Amino acid sequence: MSFLEIKNLSISFGGVKAVDDVSFSIEEGSVYAIIGPNGAGKSTIFNLLSRFYEPLSGQLNFSGNELLELGAKDIARLGIARTFQNLELFEHASVLQNLLVGRHVHNNQSWWRQMLFTRSVVEAELEHRRKVEEVIDFLELAHYRNQMISGLPYGVRKKIELARALCIEPKLLLLDEPSSGLNPEETEEMGFWIEDIRRDLNITVVLIEHDMSLVAEVSDRVLAIVNGRVATEGSHAFVQSHPDVVSAYLGDVK
Amino acid sequence: MRILFKTNYKQDLNLAKHSGHRFWYGLLILVLLAAPLILDGYYIGEATRVLIFAMAGLGLMVVTGFTGQVSLGHAAFLLIGAYTNAWFLAQGFSSFIALPMAALLSMIGGLLVAIPAARMSGIYLAIATLVFAIIVEDVAGHLSSITGGNRGMMVDVPMLFGYQIWQSWELYLFVLIILVAATLIVLNILRSPLGRAMIAVRDSEVSSQALGVNPMKIKVFAFTVSAAITGLAGAFLAHYMLFLTPQIFGILLSIQLLLMIVLGGLGTVHGVFFGAVLIGVLETGISIAKDALPSSIGGLPGIEPLVFGVILVSVIAFEPTGIYSRWVKIRSYMEFFPIYRRKSFKRQRVYLKTERLK
Amino acid sequence: MNEFLQLLIVGISQGCIYGLMALGFVMIYKATEMVNFAQGDMMMLGSFVAWTLIMDLGMPFWLGVPATLIVMALFGALVDILIVRRVIGQPQFAVIILTLGLGIIFRAAAGMIWGHVPLTIDSPISGFSSFYGIVIGNERLVIIAVTALLITILWTYFRYSKWGVAMKATSQNQLAAYYSGIPVRVIISAVWAVAAAISALAGILLAPITLIEPMNGLLGIKAFAAAVIGGFGSMPGAILGGLIVGIIEPFAAAYIPAVKGSMVYIVMLIVLALRPQGLFAQIHKKKL
């Protein structure tokens, strides 16, 4: 049994098959990239994994847990964290508060203790703060700690969303277009972080990405999705030269 | 400008962040406690009303300001609290029973709204709460055996340890103590995981789910706490009013509460108090101005709602983040005095963000 | 059976009024995603304007009605241009509070200008018709006929006219409409104008049945319930919701008088509890 195993996954929106009989599996500790043209159904796969959408059919298994038996709110507790394509940060809260929400799954204080802010809550809060500070150090966010999200530039927000996902202390991290909207330096930086996340934090990473140099740099395996179907899967070089992938991006060459 | 040197994470958990906070808030509490020594009965009564409205606003802020669920029906919780308190006192129970029962029944009401309401969003929720309040008002009018129906109901004075609270300053202090306690509880919620989850649900429900927050649970929690606090405020409102009819708790009261927290500044505890004081001053001000104006203008019926409406509309159109944010701007202007930039609080150009896609 | 039919027709005519108001809500909501809590008050203002033009200034009825519609259309556009436009992009509650505030102002202003003593308009339509053994006021039949006519006109307009299509495009995606060269601001003001005129028409139609007074503005809440029952984004839904609300009222009053005041709202809550987005939902999944 693989770490993450997706079998015969299908979903349709208003008659259009957005994801059509997709199967793949991911080994623990790897970096796995999903590529494909816009509208191919890549993000839909993430949203299915997050349980935001109900699939028509298929199985989603994450280290022995059937995801389809769970709701969207239970996914994080298994150790699956994600970022969003169009940033879903808590705009009117500080960076620190955003990151602390990432600790929500590790909260075990009862509601009345929180209302009275008892000693045990204080202890727990200090522990959360220490964990969050580790992430802040890791991603070099100390400068922004107390700023409001609504005043921050796009590149920083992107980093904060990554940091928030890391605060869950996940086993699996889903990154939806981590480099979109970033300049070349920031993209390169993102590449280093993904490497670090895998190597230092032992987190399995799945990323949806359009930037082929970033994909080539970080990923062990690549999955190409075209029109909701798996076009091919394999090493980066193999996938990039696959005729179906080439024609999906460039049109038929002949 | 004060630069804080932090040496311990615990500093961020404290309610008073530095000695300045401790001094000013301490002074504020002292002044409020000493107010009965300085002010005469009429003004103590007015101050009591402000405190009661602050308590109700605090309740509404929990659900609307922090959890982002607009409620147009909070007058219903005031009603439930007021009548419950009055009924239990009329049966000869002391305030030790009557007040918790007011909070409890109101909480149950909140739960009744919250469970279906947690599935709704935006406009549907606003209308559902509005309609809930209309129904509650209607029911209170029909249950004449308990509420006296539309003829109304007298309210007994509060009773503690067999001692009846007759004096206006005694009621004032009683309200003040409960209000401070309620505020502390709300502040505690805000600095703990529950409060952060509330803000998360407010700002982005999807990503809060992806982080393991259960938005349904959080909304139900927020509604329940909110209803309990507002119910308590209703219980005290009964003592302030002395006589209850269902009509007091109409739509206008709900709107007034909402106006209060919007005026003060949504999403801050300060906003509640700014708003309550502002509304209190405004009401007194309008009634004074009415006497000062020639009777052809001042005597017109409907001048008060007109002024209220105009203020409401201008605040939303010109300073949608409320008086508290205006205060923040003035404060930072003074702190940074020679180098303040006008642009720092410039409103960004915004496009319509659709809420049809949930 | 006769009583049933009688109540049904009374309900349908009342429902047409709610439906028209709800149509105003829905049009504004579709175009701008704003909920106009002052819609009922616009209806109330419309009936007062008609009263001033016809009874006070002595305009003939058939001239006074279109004049009222034009005045109210201009008024609706002005409200958008001067005030409502400022809150585009602000969160939903800002809009709710803004329009609630406008409603309060309209009601208070109407009370100051026209007083709180109920007024009436002399209507050229009077008398009763009787058929199948029931007797119905002609003004109620006129309401039903005018509503049916108006719906047909609106439907044709949105389907075929250039402006109608532009309004539909704007309601689908403002930015895209803007890029396609549609004057979005003008369109939005036009929507407000049309919505105000429709409400004014509802006010004129209602005038012979109920007296004209400022508190009529609160009828908007019932129209609101109608719009919700119909599913906020749907124009046929608005009319259907209006009819449902209109029919519930006389029946509740006749058969279960204890809940006659809140029956409509109870039904609305039940609909919302079963289908949180109303009968004709317009809310889709957000793209992530």
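Ellipsoid semi-axes for the protein assembly as shown, based on the Cα gyration tensor and the rule √(5λ), read 49, 39, 25 Å when sorted largest first.
Can you quote the Å³ per residue value for the convex hull of the Cα atoms in the stretch A:154-254, rounded to an integer?
On the way: hull volume 11.4 nm³, N = 101.
Each residue corresponds to 113 Å³ of Cα convex hull volume.
Here the Debye sum runs over all C-alpha atoms of the stretch B:70-228 as equal scatterers in vacuum, and log10 of I(q)/I(0) at q = 0.11, 0.21 Å⁻¹ comes out as -0.54, -1.33. A Förster radius of 51 Å combined with the Cβ-Cβ distance from A:S235 to B:W24 puts the calculated FRET efficiency at roughly 0.20. A helix-only calculation puts the protein assembly as shown at -19500 deg cm²/dmol for mean residue ellipticity at 222 nm, using -39500 (n - 2.57) for each DSSP H run of at least four residues, averaged over all residues.
Only one residue of C:T210, C:A273, C:W163 has its Cα farthest out toward the positive end of the dipole of the stretch C:138-281, where Lys and Arg carry +1 and Asp and Glu -1 on Cβ, and that residue is C:W163. Taking the alpha carbon gyration tensor of the stretch A:42-180, multiplying each eigenvalue by 5 and rooting it gives semi-axes of 26, 21, 12 Å, largest first. List, in the order given, every pair from A:K158/B:K217; A:K73/A:K131; A:K73/B:K219; C:K30/C:K162; A:K7/A:K158 whose Cα-Cα distance in the structure shown is over 24 Å. The pairs that break the limit, which is 24 Å between Cα atoms, are A:K158/B:K217; A:K7/A:K158.
The dipole here belongs to the stretch A:1-150: it is taken about the Cα centre, uses +1 on the Cβ of Lys and Arg and -1 on the Cβ of Asp and Glu, and is about 360 debye.
For C:I229, neighbours were defined as the other residues whose beta-carbon sits under 12 Å from its Cβ, and their charges (Lys and Arg +1, Asp and Glu -1) total +2.
Largest first, the three principal axis extents of the alpha carbons in the stretch A:202-245 are 32, 19, 17 Å in whole numbers. Averaging the Cα positions of each part gives two centres, and for the stretch B:231-246 and the stretch C:138-209 these lie 45 Å apart.
Per the 1.4 Å probe, what fraction of the accessible area of the stretch C:20-217, in percent, lies on carbon and sulfur atoms? Exposed carbon and sulfur together represent 69 percent of the surface.
If you restrict to DSSP beta bridges whose two residues both lie in chain A, what percentage is antiparallel, to the nearest 5? Mind showing how you got there, number by number?
On the way: 20 of 36 bridges.
Percent antiparallel among DSSP bridges in chain A is about 55.
Suppose every Lys and Arg Cβ carries +1 and every Asp and Glu Cβ carries -1, with no other charges. What dipole size does the stretch B:39-344 come out with about its Cα centre, to the nearest 20 debye? It would help to have the intermediate numbers written out before the result.
Numbers: 15 positive and 13 negative charges, 214 e Å.
With Lys and Arg at +1 and Asp and Glu at -1, about 1020 debye.
Note on C:I113/A:E134: beta-carbon distance plugged into 1/(1 + (r/R0)^6) with R0 of 60 Å gives a FRET efficiency of 0.35.
Using the Kyte-Doolittle scale, find the helices of chain B whose mean hydropathy is at least 0.5 and whose Cα atoms extend 18 Å or more along the helix's long axis, counting only whole DSSP H runs. Helix filter hits for chain B: B:19-38, B:41-60, B:74-90, B:95-117, B:122-142, B:168-190, B:215-241, B:251-264, B:269-292, B:303-318.
Can you give the net charge of the other residues whose Cβ lies under 11 Å from the Cβ of A:R103, counting K and R as +1 and D and E as -1? All intermediate terms of the calculation are to be shown ahead of the outcome.
On the way: positive: A:R129, A:R130, A:K131, A:R164, B:R196; negative: A:E125, A:E127, A:E169.
With Lys, Arg at +1 and Asp, Glu at -1, the net is +2.
When peptides A:135-145, B:165-175 are ranked by their average number of other Cβ atoms within 10 Å per residue, the highest-first order is B:165-175, A:135-145. The charge dipole of the protein assembly as shown, taken about its Cα centre with unit charges on the Cβ atoms of Lys, Arg (+1), Asp and Glu (-1) only, comes to about 820 debye. Computed over the alpha carbons of the stretch C:1-113, Rg followed by Dmax gives 16.7, 53 Å.
Which helices count as membrane-span-like in chain A under these terms: full DSSP H, at least 27 Å along the axis by C-alpha, Kyte-Doolittle mean of -1.0 or more?
Working: long enough: A:119-138 (29 Å, -0.64).
Long hydrophobic helices here: A:119-138.
Using every Cα-Cα pair within the stretch A:1-97, state what percent have a distance larger than 16 Å. Don't jump to the answer; show the numbers that get you there.
Numbers: 2835 of 4656 pairs.
Of all Cα-Cα pairs in the stretch A:1-97, 61 percent lie more than 16 Å apart.
Taking the radius of gyration and the Kirkwood hydrodynamic radius from Cα positions alone, what is the Rg/Rh ratio for the stretch B:108-147, to two decimal places?
1.08
Equivalent-ellipsoid semi-axes for chain B (Cα gyration tensor, √(5λ), whole Å, largest first): 32, 26, 23.
Relative to the compact-globule scaling 2.2 N^0.38 Å, provide the ratio for the alpha-carbon radius of gyration of the stretch C:20-217.
Values: Rg = 17.8 Å, N = 198, 2.2 N^0.38 = 16.4 Å.
In units of the globular-protein estimate, the stretch C:20-217 measures up at 1.08.
Once the other residues with Cβ under 11 Å from the Cβ of C:F128 are scored (Lys, Arg +1; Asp, Glu -1), what is the net sum? Surrounding charge for C:F128 is 0. Between C:Y132 and B:K217, the simple spin-label model (points 7 angstrom out along Cα→Cβ) gives 5.6 nm.
Quick check: Cα centre of the stretch B:13-37 to Cα centre of the stretch A:143-209, how many Å? Using only Cα atoms, the two centres lie 42 Å from each other. Within chain A, the percentage of alpha carbon pairs spaced more than 29 angstrom apart rounds to 33%. Here the scattering of the stretch B:208-322 is modelled by Debye summation over its C-alpha atoms, one equal scatterer each and no solvent; at q = 0.09, 0.19 Å⁻¹ the log10 of I(q)/I(0) is -0.35, -1.21.
The values are calculated or read from the model by the stated rules, or taken from the named source; none is laboratory data. Because the structure is a prediction, the values reported are computed rather than measured. Cβ atoms come from the backbone with ideal geometry, glycine included; neighbour counts cover every protein chain shown. We work out accessible area using only protein heavy atoms, side chains counted, and drop any ligands, DNA or RNA first. Shrake-Rupley method; radii C 1.70, N 1.55, O 1.52, S 1.80 Å.
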